[in-house]
1. Can Tyr258 be described as assigned by TED's automatic domain parsing to the domain that holds Ile172, more than 16 Å from the ligand (Cβ to nearest atom) and under 22 Å from Ala161 (Cβ atoms)?
2. Go through the residues of region 52-65 one by one and say whether even a single one is among the acidic types (Asp, Glu), surrounded by fewer than 16 Cβ atoms within 10 Å (Cβ to Cβ) and either touching a Gly at 6+ places or on another chain (Cβ under 9 Å) or not assigned by TED's automatic domain parsing to the domain that holds Ser238 (or both).
3. Can you find even one residue in region 257-265 that is buried (at least 19 other Cβ atoms within 10 Å of the Cβ) and in a loop (DSSP other than H, G, I, E, B)?
4. Condition (residue is surrounded by 18 or more Cβ atoms within 10 Å (Cβ to Cβ), part of a loop (DSSP other than H, G, I, E, B) and under 21 Å from the mean Cα position of the chain (by Cα)) applied to region 96-116: is it met by at least one residue?
5. With (1) in contact with a helix residue (DSSP H, G or I) (Cβ under 9 Å, 6 or more places away or on another chain); (2) over 22 Å from Gly173 (Cβ atoms); (3) outside the structural domain of Asn174 (by TED's automatic domain parsing) as the list, and Ala248 as the residue in question, which single condition is left unmet?
6. Got a sec? Which of Lys278, Lys229, Lys217, Lys224 is away from the ligand (no atom under 16 Å from the Cβ), modelled with pLDDT under 95 and out of contact with any Asp or Glu (no Cβ under 6 Å at 6 or more places or on another chain)?
7. Output the residues belonging to region 80-95 that are at pLDDT 95 or above, in a loop (DSSP other than H, G, I, E, B) and in contact with a Gly (Cβ under 9 Å, 6 or more places away or on another chain).
8. Give me the residue from region 232-247 that is hydrophobic (A, V, I, L, M, F, W, C) and under 20 Å from Gly212 (Cβ atoms) and, out of that set, farthest from the ligand (Cβ to nearest atom).
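The values are calculated or read from the model by the stated rules, or taken from the named source; none is laboratory data. All figures in this text were calculated on a predicted structure; none of them were measured in a lab. Glycine gets a Cβ as well: all are built from the backbone with ideal geometry, and neighbour counts include every protein chain shown.
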Amino acid sequence: MIELPEALTLAKELKEALTGKTVARVLPPTKPHRFCWFNGEAADYEGRLRGSKVVSARGFGIYVEILFDSGLKLAVNDGVNLRLLSPEAAPGDYQLLIQFSDGAALVFTVAMYGGIVLHDGGLDDEYYCKSLAGVSPFSPEFEQHFYEALGRCKPKISAKAFLATQQRFPGIGNGTLQDILFAAGVNPRRGMDTLTGAERERLLSSVVSVLGEMTEKGGRDTEKDLYGKNGGYLTKMSKNTLAQGCPACGGSIVKEAYLGGSVYYCPRCQAMPAKGGK
Ligand SMILES: [Zn+2]
């Protein structure tokens, strides 16, 4: 799933690879997917895009968006995989394929669900709008946003619920969350009201530094980039490391289902408070 580091990485790669290229063909799904949605009919995308030139691409929250010289924008969300194929490569099944005049093909596939939405800038979708309006963790306003968001939550909200639900921080999801909490030494189930001021500060700085490192290294190693290569950031708490143990203390990593997805943590380095809290 795309989270902020991958959205920024894909956008950078798309911008470098596609800017100046002209759309020659747009092919609709080879096999329609029940949970892939379009804006109107996918078959109409060709008529709306053919002859347009890519002028840029951007990433925000859980979205990657390609901008065309016609003013149209093609936004994809976290469930869509993007792959740029050379003219010789044969694509398998896909939900959309854009072929450029030089033969390169951008292929869109979907595993669980995904949106591939062509729009003119006025897209009225809750997730899209929240992602677009989200305060970047790399901006100077983020600290204020973090504490204001915390102030609006119920005091006992857990660390995972605080960071990864309700789109308070678009682009932090169940993936990036794990290493952020590990870096902060905070258990996913821990109530935010049990964190000291210093621990809250450490959580805030972990959000910024971990997302920054993931972005700098081209996304997480559990995800793939535009060319099918794994990201360069080696996750510390993920399915990849479950068997290896905690990189800090060597103890076993715990995997548990919690709030719609597995959490991975070290019960020693991310201990629950001895009494009180949840
Ligand atoms: Zn540990």
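1. yes
2. Checking region 52-65: not a single residue is among the acidic types (Asp, Glu), surrounded by fewer than 16 Cβ atoms within 10 Å (Cβ to Cβ) and either touching a Gly at 6+ places or on another chain (Cβ under 9 Å) or not assigned by TED's automatic domain parsing to the domain that holds Ser238 (or both).
3. Looking for residues that are buried (at least 19 other Cβ atoms within 10 Å of the Cβ) and in a loop (DSSP other than H, G, I, E, B), one finds none in region 257-265, hence no.
4. To start, the set of residues in region 96-116 that are surrounded by 18 or more Cβ atoms within 10 Å (Cβ to Cβ) comprises 96-100, 105-110, 114-116.
Restricting the remaining residues to those that are part of a loop (DSSP other than H, G, I, E, B) gives none.
Within region 96-116, none of the residues are surrounded by 18 or more Cβ atoms within 10 Å (Cβ to Cβ), part of a loop (DSSP other than H, G, I, E, B) and under 21 Å from the mean Cα position of the chain (by Cα).
5. (3)
6. Lys278 is the lone residue from the list that is away from the ligand (no atom under 16 Å from the Cβ), modelled with pLDDT under 95 and out of contact with any Asp or Glu (no Cβ under 6 Å at 6 or more places or on another chain).
7. Across region 80-95, the qualifying residue is only Gln95.
8. Restricting to residues being hydrophobic (A, V, I, L, M, F, W, C) and under 20 Å from Gly212 (Cβ atoms), the top hit is Leu234.
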